Amino acid sequence: MSLEVSIRKRFDSFTLDVDFSAGSEMLGFLGASGCGKSLTMRSIAGIETPDEGRIVVNGKVFFDRAAGKKPRVNLTPQQRKTALLFQNYMLFPNFTVEQNVAAGIGRDVPKVDVAARVAAELARFGLTGFEKRYPAQLSGGQQQRVALARMLAARPGILMLDEPFSALDAHLKSVLEQNLVNLFDAFDGTVLYVSHDIDEALRFCDRIAVVEAGHIVEVDTGRALVDHPQSLAGLKLSGCKNATEASRSGEREVWLPKWGVYVATGEPVPDDVAALGVRARMVQPAEGPGENCFRVRVDRVSDSRFERTLLLAFLDRDASDVPTVTEHGDEMKYLHQHLFWRIDFLHRPADALLPGAGDELWVRLPPENIMLVNR
């Protein structure tokens, strides 16, 4: 099983330009809304037509077009036999459950085989007994299982899922994710999974492609993306709250103009360093001056169930490069000049006092937890 994609499509706001390959694995596409993740899936499925490029699935050419020429090959969505699951499942409201599951099976399949295939997939997803019901008579979880059963019944060459959980609350999402386990266990081939949630992608995907402005900026395992991101986009999408512009000021030191401070690093600084990242959980309290110790003021505080997040202003920052922005100025610039610190309620000492808004204190950025990227 294999997938090869190299396509380009120009839009008014950006150009989709992606080049990647995959085998019998689950490849995640992680990126902000509008970055080109869904467009890539739709192009593979034949819903969108690239300006140029090539798409090959399991040795079969789906699309082939040279720049400025008519397509040499451009199979219809029906000819491609892909399975693309959208957020709303797209069930036919006037079809019963068994009719929906059978809808993707080719007309060349004998009726007895269709019936057997439908029954097998309904059993796989715990839908036996629901055959004659309509989508409106099903719960959201049951509708999703019908959509997944339809995908497998069609015997597709590739599976693609486009943010299937984005509209669900956390509890229902965790329950319905188990439905996908059945899907992935039953399918031996390439699975593409679109998400903007790093934890969701980590749970399911063998590798993750970071997508930004129509381009894939890095592809790696989920663990490598979290521990060693290679791009600013990767830093942010991996959940790093503190990602800021950086320039080299020494063999193991960088200058951070938006924070107005110099920071020592645990690893050598490349000449072309572009940004620094440090996770909010890695910030430590400090007693006073020292390596990577900074005097800060707590400007904002917010609490969740298990942690407190603090927004810290550097009190001794050098603002010669980037003037300090007040809270009443540009909100994004204001936030970018601050350090995020997360304190875990569950693992702090029982007698430890939590910092509050207006407090002044010292914090430390451990050099070994500093991440550097060059793009």
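The values are calculated or read from the model by the stated rules, or taken from the named source; none is laboratory data. Computed from a prediction, not measured in an experiment: that's the story for all the values here. Cβ atoms come from the backbone with ideal geometry, glycine included; neighbour counts cover every protein chain shown.
Does Gly59 qualify as being surrounded by fewer than 18 Cβ atoms within 10 Å (Cβ to Cβ), in the same structural domain as Tyr193 (by TED's automatic domain parsing) and at pLDDT 90 or above?
On the way: surrounded by fewer than 18 Cβ atoms within 10 Å (Cβ to Cβ): yes; in the same structural domain as Tyr193 (by TED's automatic domain parsing): yes; at pLDDT 90 or above: yes.
When the stated conditions are applied, Gly59 passes them.
Would a scan of the range 268-276 turn up a residue that is in contact (Cβ under 8 Å) with a residue 60 or more places away in the chain, under 23 Å from Ser238 (Cα atoms) and among the small types (Gly, Ala, Ser)? Walk me through it before giving the result.
Filtering the range 268-276 down to residues in contact (Cβ under 8 Å) with a residue 60 or more places away in the chain leaves 269-270, 272-276.
Now narrow it down to the ones that are under 23 Å from Ser238 (Cα atoms): 269-270, 272-276.
So of that shortlist, the ones also among the small types (Gly, Ala, Ser) come out as 274-275.
Yes, the range 268-276 has at least one match.
Applying a threshold of 7 Å to beta carbon distances and a minimum spacing of six or more residues, or different chains, the list of pairs starting in the range 120-149 at a residue that is on the phi < 0 side of the Ramachandran plot and among the basic types (Lys, Arg) and ending at one that is at pLDDT below 90 and part of a helix (DSSP H, G or I) reads Arg124/Ala149; Arg124/Asn182; Arg124/Ala186; Arg145/Asn179. If I filter the range 144-159 down to residues being more than 18 Å from Arg42 (Cβ to Cβ) and buried (at least 20 other Cβ atoms within 10 Å of the Cβ), which single residue comes out as modelled with the lowest pLDDT? It comes out as Gln144. The set of residues in the range 345-373 that are of a type in the set (D, E, K, R) and at pLDDT below 90 comprises Arg348, Asp351. Out of all the residues in the range 7-56, which are part of a strand (DSSP E or B), free of Cβ contacts under 8 Å to residues at least 60 places away in the same chain and surrounded by fewer than 16 Cβ atoms within 10 Å (Cβ to Cβ)? Residues satisfying the conditions are Arg10, Ser21. For the residues Leu127, Leu84, Leu91, the requirement of being surrounded by 15 or more Cβ atoms within 10 Å (Cβ to Cβ), of a type outside the set (D, E, K, R) and closer than 30 Å to Ser21 by Cβ singles out Leu84. Each residue in the range 71-102 was checked for being at pLDDT 90 or above and either under 23 Å from Pro135 (Cα atoms) or not assigned by TED's automatic domain parsing to the domain that holds Gly189 (or both), and 11 of them qualify.
Taking the criterion of being among the acidic types (Asp, Glu), at pLDDT below 75 and not in a helix (DSSP H, G or I), the only residue of the range 160-194 that qualifies is Asp169. Against the conditions (1) over 30 Å from Leu310 (Cα atoms); (2) crowded, with 21+ Cβ neighbours inside 10 Å; (3) touching a residue at least 40 places away in the same chain (Cβ under 8 Å), Leu183 satisfies every one except (3). Of the residues making up the range 303-337, those that are assigned to a strand (DSSP E or B) and touching a Lys or Arg at 6+ places or on another chain (Cβ under 8 Å) number 8.
Do we have any residue at all in the range 108-117 that's free of Cβ contacts under 8 Å to residues at least 60 places away in the same chain, touching a Ser or Thr at 6+ places or on another chain (Cβ under 6 Å) and part of a loop (DSSP other than H, G, I, E, B)? Scanning the range 108-117 turns up no residue that is free of Cβ contacts under 8 Å to residues at least 60 places away in the same chain, touching a Ser or Thr at 6+ places or on another chain (Cβ under 6 Å) and part of a loop (DSSP other than H, G, I, E, B).
Within the range 195-218, can you find the residues that are among the charged types (D, E, K, R), closer than 12 Å to Leu27 by Cα and not in a strand (DSSP E or B)? Listed by number, the residues that qualify are Arg203, Asp206. Take the residues in the range 122-159 that are small (Gly, Ala, Ser) and part of a helix (DSSP H, G or I); name whichever of them is farthest from Gly59 (Cα to Cα). Step by step, filter the range 122-159, then rank; the result is Ala136. Of the residues making up the range 223-253, those that are more than 20 Å from Leu335 (Cβ to Cβ), in a strand (DSSP E or B) and not hydroxyl-bearing (Ser, Thr, Tyr) are Arg248, Gly250, Glu253.
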